[in-house]
Amino acid sequence: MLTRIKKTVGEDDFSYFIRYFGLFTLIFSAMTLIIIQVMRSSLYTTVDENLKTLSQDPYSLVAIAYRDQRQSNTKGDDNDHEMMIPDHDKSEPKGDVTSNTTVVLLNKKYENLTTGNGFLNFKTVTFGRKLLNKVSQLQITNSYGKKESYRAYMTDLGLSDDGDSDVKYAVVMTNISQLEQTSEEHESQIALVMICFWGISLFASLFLARLSVKPLLESMQKQKAFVENASHELRTPLAVLQNRLETLFRKPEATIMESSESIASSLDEVRNMKLLTTNLLNIARRDDGLKPEIEEIEPSFFDQTFSNFEIIAEENGKFFQGDNQVDKVICSDKTLLKQLMTILYDNALKYTDEDGEIQFEVQLKDKNLLLRVLDNGPGVRDEDKKRIFDRFYRVDKARTRQKGGFGLGLSLAKQIVEAFKGTIQVKDNKPKGSIFEVKLSIKTESRKKIVHNLKK
């Protein structure tokens, strides 16, 4: 069990799991506390407002107090109590009077003049000046010995002293025991719901952790594969060089003509290593981020490039046809664009047989530069189309490095296209061959504007 725990803790996504789970825990805990606090603060809002409204009607408070006194059969003359209440104040009170509303009368010394209402024992409660004009919460024992919660508000009645009564203050109270019970039930439900969501966050954290670490693992896997492939590609020419040099070392008296085969083979492998290291360096630079340097490119740029491609095609016994449909100045990175066109052309040249035909089309469409390279070579299988832009991937494994390359060209092309926020794809050319289509986002300027800028 301990070994399994150590293994789990040591996994790559465990740290992410802890972060996400801690974040979810913090969020749900804060939400629970905020909701409960808001409920508690708003629970007594209506009750407190009603208490303050009732306190503004002193004669109604006295009437409520005497009503409770009569219902409890306490000592006193009911007729005398009625005489203390003016006729015009026997109307409906300003506030909302319910069965839970109780009023306690106090004298100038804050002594309780109300002995009880038959159910509550007010003698157990003491009042003081510090409670005046304030909402407070009291615990009062009922006739069954249980404590009940009340919200209370003490006010100065301001009644004229007629010498027959010592009533000075009144405390209006509302029973909130039922509200508290209901609130506790709601809080329990809220806590239960939050715990359920917290449990769900456990699985969500695990999912997000695995989702977050997935790109990192893929990147590490790609880097590992990159190093392995690069090492493999370098190992072969190094082995050839070692073998050829050992052969030359064993024959120190041999002439250059006698060793020409070994020397030529060594030079070929040196060239391969130079080309490979250059491509690897370009890839490393591209991985650090490619920032195109925008400049003005004349339409003649493509004609000059096609002329060079035609010369190379003739040297290799192949036919090249360039179609330049660009009729205005564009704004792009000339170096990267030239490298991209060279990679696409070189790829078509490698995989086109002798007497084959290569077409290169360039045109503008909807502020996009479209490149199409068509060949009549063996084509690309559907299963290879998904991986043809991967590093070190070669469609034809049987080809030599001199003819088939290292599988890095199209990977570089894809990086360049992505730097231009464009797209690259490969299609079948009928009846045979392949078509590479590239769409690049560019800017164009009118001829008048360019001439004006040049004059400046």
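Comparison of ASN112, ASN50, ASN117 shows that the only residue that is modelled with pLDDT of 75 or more and under 30 Å from GLU184 (Cα atoms) is ASN50. Beta carbons closer than 9 Å, at least 6 apart along the sequence or on distinct chains, pair a first residue in segment 184-206 that is more than 14 Å from GLY22 (Cα to Cα) with a second that is in a helix (DSSP H, G or I) and of a type in the set (Gly, Ala, Ser) for MET194/SER29.
Could you tell me which residue of segment 300-351 is surrounded by the most Cβ atoms within 10 Å (Cβ to Cβ), considering only residues that are touching an Asp or Glu at 6+ places or on another chain (Cβ under 7 Å) and of a type in the set (A, V, I, L, M, F, W, C)? By that ranking, first place goes to ALA348.
Among all residue pairs at least 6 apart or on different chains, which show Cβ distances below 6 Å where the first residue, located in segment 208-220, is closer than 14 Å to TYR20 by Cβ and in contact (Cβ under 8 Å) with a residue 40 or more places away in the chain and the second is part of a helix (DSSP H, G or I) and among the hydroxyl-bearing types (Ser, Thr, Tyr)? Here the result reads LEU208/TYR20; ALA209/TYR16; ALA209/TYR20; SER212/TYR16; VAL213/TYR16, each pair linking segment 208-220 to a residue that is part of a helix (DSSP H, G or I) and among the hydroxyl-bearing types (Ser, Thr, Tyr). May I ask you to say which residue of TYR144, TYR169 is among the aromatic types (Phe, Trp, Tyr), in the same structural domain as LEU54 (by TED's automatic domain parsing) and in contact (Cβ under 8 Å) with a residue 24 or more places away in the chain? So the residue among TYR144, TYR169 that is among the aromatic types (Phe, Trp, Tyr), in the same structural domain as LEU54 (by TED's automatic domain parsing) and in contact (Cβ under 8 Å) with a residue 24 or more places away in the chain is TYR169. Does at least one position in segment 248-268 carry a residue that is modelled with pLDDT of 75 or more and not in a helix (DSSP H, G or I)? There is at least one residue in segment 248-268 that is modelled with pLDDT of 75 or more and not in a helix (DSSP H, G or I). Here ILE343 meets each of (1) touching a residue at least 12 places away in the same chain (Cβ under 8 Å); (2) under 21 Å from ASP366 (Cα atoms) with one exception, condition (2). Of note, LYS130 satisfies the criterion of being among the charged types (D, E, K, R) and modelled with pLDDT of 85 or more.
In this entry, GLN359 passes the filter for residues that are part of a strand (DSSP E or B) and crowded, with 16+ Cβ neighbours inside 10 Å.
The values are calculated or read from the model by the stated rules, or taken from the named source; none is laboratory data. These numbers were taken from a predicted model, which means no experiment stands behind them. Please note: Cβ atoms are built from the backbone with ideal geometry, for glycine as well, and neighbour counts cover all protein chains shown.
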